[in-house]
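Each value in this text was obtained by applying a stated rule to the coordinates, not by laboratory testing. Note that the structure is predicted; figures quoted are calculated from it, not measured. Note: ideal-geometry Cβ built from the backbone for every residue, glycine included; neighbour counts use all protein chains shown.
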Amino acid sequence: MENYVAYLLILIKLVLILTMILTMAAYLVLAERKILGRMQLRHGPNRVGPFGVLQPLADLIKLICKEDFVPPHSNHLLFLLAPALSVITVLLIFAAIPFAPPLTVLGHEIPMVVCDLNVGVLFFIGLSSLSVYGVTFGGWASNSKYAMLGGIRATAQLISYELPMGLALVPLVLVSGSFSLTDIVNAQRVLPFAVTQPLAFGIFFICILAETKRTPFDLPEAENELVAGYHTEYSGLRFGMFFVGEYINMALLGSVTTVFFLGGWHGPFLPPIVWFLGKVLCLCFIFIWIRGTLPRFRYDQLMRFGWQVLIPLALLNLLITGGVLLWLRG
């Protein structure tokens, strides 16, 4: 009987998380269009529903009604699977993210995480590295030069920036003494790692901007060079999966940044889940703000910054953190 209850709880958590993520992604699209409109002295969407709040539903209906076109000389199997691969790898990571401390119900503790892995950091790094395959397959399988160039750019960019991102997380594991995301959050009860590890936080934040392929790191989708990059040949719901996947990824990386550097659910006065969601939404606003502010890098600047600046800084921060910990514990 206990096994059935445990499975039911997991199913309820999965449904709630999936609903919350998809709703947040849909309204992040609307929020970005409204915020960028204000930054550019124009109105965002304001025709569908009060203040435009039903615009995401109208966009979904539009995508459903569009033709799902598959280029005749493409690799059909990979072309069809690529958008799903991009979304699935992102959604799986949410299973290991703790949103709040355990909830006590009738004397039983219910963890506010689907699966509290003791290797949560490695799980995140491993799945985030797999997400590049969806973009690569989409660009290659389309049999289009523009899409192919976008896929190659995305592959090089994501691989280049995953290395400093992973190195920026190693000092957190050393300080907290665990790979578990829950333990890393609990290690920030007094001060978040953004305060005690500011260099690691800066490196990680820059890397997740590159991972989301957003301005100023939107080289894979450069519309003035590559039409739309790796998803040039996609239409209908498959284009929608790539499009919404970017905003799901934005919510995901806001969540992992909150877990790793902003203390997770810790905060005074308000309920823990409110603190967690508030921090995630603030980070999403910063992502949108940066998109409306900064110009795009040149490709050589992008690669040089990752390999010649971020990686040496991440290694230096790791060396300093290890030295300080040895000194304190010696």
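For this structure, a couple of remarks:
- Long-range HN-HN contacts of I110 with modeled amide H, under 5 Å: L103, T104, V105
- Prolate/oblate/rounded call for segment 1-134, Cα gyration tensor, a/c under 1.5 rounded: oblate
- Kirkwood radius for segment 2-329, taken over all pairs of different Cα atoms as the inverse mean of 1/r, rounds to 21.0 Å.
- Taking 22 Å as the straight-line reach from the Cα of K279, the lysines in range (excluding those fewer than 8 positions away in the same chain) are K13, K34, K213.
- Each of T232, T155 was scored by other Cβ atoms within 10 Å of its Cβ. Listed from fewest to most, they are T155, T232.
- Axis of helix 272-291 versus longest Cα principal axis of the chain: the two differ by about 40°, to the nearest ten degrees.
- Order of V114, V5 under a 10 Å beta carbon neighbour criterion, fewest first: V5, V114
- Exposure proxy shown here: for D116, D300, the number of other Cβ atoms within 10 Å sets the order, fewest to most, as D300, D116.
- Degrees between helix 55-65 axis and first principal axis of the chain (Cα, 0 to 90, nearest 10): 50
- Kirkwood radius and radius of gyration were both taken over the C-alpha atoms of segment 56-129, and their ratio Rg/Rh is 1.19.
- Theoretical gain in end-to-end length, L57 to N143 [0.36 nm per residue, Cα-Cα removed]: 27.8 nm
- Against the rule of thumb 2.2 N^0.38 Å, how large the Cα Rg of segment 87-244 comes out: 1.22
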